[in-house]
Amino acid sequence: MKEISQDIYRKFQELGVEISPEDIEDRLDKMVSKFKVPKEEARRSVVNYFLKEHNIPRNQFYTGQSESPMMKVSELNTDGKWVNIKGKVVQLWENTHESISQVGLIADETGTIKFTKWGSAEFAELTEGQSYLFRNVVVNEWNGKFQINMNKNSSAGQIEENITVGTSTYAFTGALVDIQTGSGLIKRCPQCNRALTKGACMEHGKVDGVYDLRIKAVLDDGITAQDAIIKRDLAEELTGFTLESAIALAADALDQGVVLEEMKKMLVGKYYTATGSRVERYLLVDSMVPKSTVDPQELDELIATAEVA
Amino acid sequence: MAGYSREVARRVFAQEFRESTLTFKDGDDQYAPQYLMTPTGARVNRIFIVGTLIEKEDIGTDSEYWRGRVIDPTGSFMIYAGQYQPEAAQVLAECETPAFVAIVGKPSTYTTGEGDVLTSVRPESIHVVDGQTRDIWVVDTAKKTLTRLKELEGGSDSPDVEKAKEYYAPDVKHYYSMVSQALQSLKESY
């Protein structure tokens, strides 16, 4: 209790307000002992009382005390953490929600992350392609993914430096254990390029789709399962299909699914090393090399390990 | 981490798989995933096997129900595929034996009247592969098993290792020699 009251006392002192420590302690004590308020709640309530009393804006008290740490995009993995980041706005999306002012992607040399600039954020509109220093943005986890939110405590300043967007490449070796639905011969929406499900786009409804090839594979090394997306060029190279031959095969069978079946027969169960960039839980594969043989040296080393024991 | 994440396919040799008897659920929920704990502490909800399919038989009475035997250098896996594993059952129906196959599946156990626990695999998919892939799998599985054995010896504090130790009191030497035997079998070709 003493600690909390001293902490509060110190923080107000930093803001240039002198409050009597006894007063703080009395109030805390009354709430905690008499009214059974949990300590943290009591603290908040006491702080709010003094803020009102001395007419101090709340965010001055809560953010003025310590500077958020400077971080890289790839390090943003703690829900609720306040950070500063330097990054480039690489994409802005259409946004329809009235309380949101802008949505898009921010990137630095380590990765890419989604951002939401809320209507309450008081800085000017962000421009695509411009690099900024963002202060006091908050990391938020939603559905297992991280994003950053900019609110009324946040600020953004344009910087001269042109941040190079990193697609830090990542390699994963494992067995291809599954190819998921939505792979093989698919149709995309001509307007937004999204894959269609049952001939309809999530955004634009029933449309006349454009054919494409892609593979959503799961690579598994026995320790982690990695989702990987293989685009048309690479899918063609791996399977020997061309978009045209895949369409012809599907037309023959009166079923788009046969392309997926054929691809599964060729790829599933084999070992590959996939290299590419990671976006959220997916690995966007740039190259994929089959592991075709056992390394004799590795074999000898493993035998040695197994026999020493 | 919130949300769903796919169960990793573990690598376990047939001998160790056959000697596994401990199954448990992660939580009380009806839909909580079921695991098979192996003697070296692999927590298996999904398994990846590459081996030789040497026998197959349709043992179903009304509908097709396929039983297959897949061998690796240490022993054999029994696999069962029926109407609820249509893709796998179809491959079993069509393929010839012997053949190298890669199987992704779920472990399942059956306790006999005498109290013996029999393990088998319910395949999600079976694909015919080449002999190279099978050899790579043997090395891969050996490597994963050695890592688990080291953790067993090294007094790791992972709950899986603790659980395996407590339940099986595994003879570490026995499994080291299994791995060694599996690797030696590749020696002729490399």
Matching residues, segment A:137-177, being surrounded by 17 or more Cβ atoms within 10 Å (Cβ to Cβ), aliphatic (A, V, I, L, M) and under 30 Å from residue B:141 (Cα atoms)
A:175, A:176, A:177
Exclusive hit being in contact with a Pro (Cβ under 6 Å, 6 or more places away or on another chain) and within 19 Å of residue B:16 (Cβ to Cβ), set B:154, B:105:
B:105
Right, residue A:18: at pLDDT below 85, more than 22 Å from residue A:140 (Cα to Cα), part of a loop (DSSP other than H, G, I, E, B) and not β-branched (Val, Ile, Thr) or not?
yes
With the checklist (1) touching a strand residue (DSSP E or B) at 6+ places or on another chain (Cβ under 7 Å); (2) part of a loop (DSSP other than H, G, I, E, B); (3) of a type outside the set (Ser, Thr, Tyr) in hand, flag the one item residue A:85 doesn't pass.
(2)
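To keep it simple, each residue is scored yes or no on (1) of a type outside the set (A, V, I, L, M, F, W, C); (2) out of contact with any Asp or Glu (no Cβ under 9 Å at 6 or more places or on another chain).
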residue: A:131; (1), (2): yes, no
residue: A:140; (1), (2): yes, no
residue: A:146; (1), (2): no, no
residue: A:165; (1), (2): no, no
residue: A:179; (1), (2): no, yes
residue: A:195; (1), (2): no, no
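Yes or no, residue by residue, for (1) surrounded by fewer than 16 Cβ atoms within 10 Å (Cβ to Cβ); (2) small (Gly, Ala, Ser); (3) in the same structural domain as residue A:183 (by TED's automatic domain parsing):
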position: A:242; (1), (2), (3): yes, no, yes
position: A:246; (1), (2), (3): no, yes, yes
position: A:269; (1), (2), (3): no, yes, yes
position: A:272; (1), (2), (3): no, no, yes
position: A:306; (1), (2), (3): no, yes, no
Scan segment A:134-148 and report the pairs whose first residue is more than 8 Å from every other protein chain (Cβ to nearest Cβ) and whose second residue is of a type in the set (D, E, K, R) and assigned to a loop (DSSP other than H, G, I, E, B), with Cβ atoms within less than 8 Å and a gap of 6+ or a chain change.
A:138/A:81; A:139/A:79; A:139/A:81; A:140/A:79; A:145/A:280; A:145/A:281; A:146/A:79
Residue under evaluation residue A:218, criteria (1) away from every other protein chain (no Cβ under 14 Å); (2) part of a strand (DSSP E or B), criterion not met:
(1)
Does segment A:222-247 hold any residues that are within 14 Å of another protein chain (Cβ to nearest Cβ) and part of a loop (DSSP other than H, G, I, E, B), and which are they?
A:222, A:223, A:224
Within segment B:57-72, residues being surrounded by 22 or more Cβ atoms within 10 Å (Cβ to Cβ) and either acidic (Asp, Glu) or farther than 16 Å from residue B:129 by Cβ (or both) number 2
Quick test of your reading of the structure: residue A:20 fulfils all but one of (1) more than 16 Å from residue A:4 (Cβ to Cβ); (2) surrounded by fewer than 11 Cβ atoms within 10 Å (Cβ to Cβ); (3) without any contact (Cβ under 8 Å) to a residue 12 or more places away in the chain. Name the failing condition by number.
(1)
State yes or no: is residue A:286 assigned by TED's automatic domain parsing to the domain that holds residue A:211, in a loop (DSSP other than H, G, I, E, B) and over 25 Å from residue B:100 (Cα atoms)?
no
Quickly run through segment B:73-97 and pick out the residues that are outside any helix (DSSP H, G or I) and loosely packed, with under 12 Cβ neighbours inside 10 Å.
B:83, B:84, B:96
Hey, residue A:2 hits all of (1) under 30 Å from residue A:145 (Cα atoms); (2) out of contact with any Leu (no Cβ under 9 Å at 6 or more places or on another chain); (3) at pLDDT below 85 but one; which does it fall short on?
(1)
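Does any residue of segment A:272-294 turn out to be of a type in the set (Phe, Trp, Tyr), at the interface with chain B (Cβ under 10 Å from one of its Cβ atoms) and either over 37 Å from the mean Cα position of the chain (by Cα) or at negative phi (or both)?
no
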Segment B:6-40: number of residues that are in contact with a Lys or Arg (Cβ under 9 Å, 6 or more places away or on another chain), crowded, with 23+ Cβ neighbours inside 10 Å, part of a loop (DSSP other than H, G, I, E, B) and more than 10 Å from chain A (Cβ to nearest Cβ):
2
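Can you give me the ranges of the helices (runs of 4 or more DSSP H) entirely in segment B:110-190 with at least 2 residues that are within 11 Å of chain A (Cβ to nearest Cβ) and surrounded by fewer than 20 Cβ atoms within 10 Å (Cβ to Cβ)?
Where helices (runs of 4 or more DSSP H) fall fully within segment B:110-190 and carry at least 2 residues being within 11 Å of chain A (Cβ to nearest Cβ) and surrounded by fewer than 20 Cβ atoms within 10 Å (Cβ to Cβ), they are B:131-153, B:172-187.
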Only one residue in A:134, A:115 is of a type in the set (Phe, Trp, Tyr) and within 13 Å of the chain's Cα centre (by Cα). Which one?
A:115
Being part of a strand (DSSP E or B) and either touching a Leu at 6+ places or on another chain (Cβ under 7 Å) or within 14 Å of chain B (Cβ to nearest Cβ) (or both) is the filter here, so list the residues in segment A:163-185 that pass it.
A:170, A:172, A:173, A:174, A:175, A:176, A:177, A:178, A:179, A:184, A:185
Does residue B:51 qualify as being within 13 Å of chain A (Cβ to nearest Cβ), touching a strand residue (DSSP E or B) at 6+ places or on another chain (Cβ under 7 Å) and over 23 Å from residue B:186 (Cα atoms)?
no
Those residues of segment A:267-293 which are free of Cβ contacts under 8 Å to residues at least 24 places away in the same chain and more than 20 Å from residue A:177 (Cβ to Cβ) amount to A:293
Which condition does residue A:206 not pass, out of (1) under 21 Å from the mean Cα position of the chain (by Cα); (2) away from chain B (no Cβ under 14 Å), if it passes all the others?
(1)
Residue ID - nearest to the other protein chains (Cβ to nearest Cβ), chosen from residues in segment B:98-109 that are over 22 Å from residue B:21 (Cα atoms) and among the aliphatic types (A, V, I, L, M)
B:102
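The values are calculated or read from the model by the stated rules, or taken from the named source; none is laboratory data. Values in this document were obtained by computation on a predicted structure and should not be read as measured data. Every residue, glycine as well, gets a Cβ built from its backbone with ideal geometry; the counts of neighbours run over all protein chains shown.
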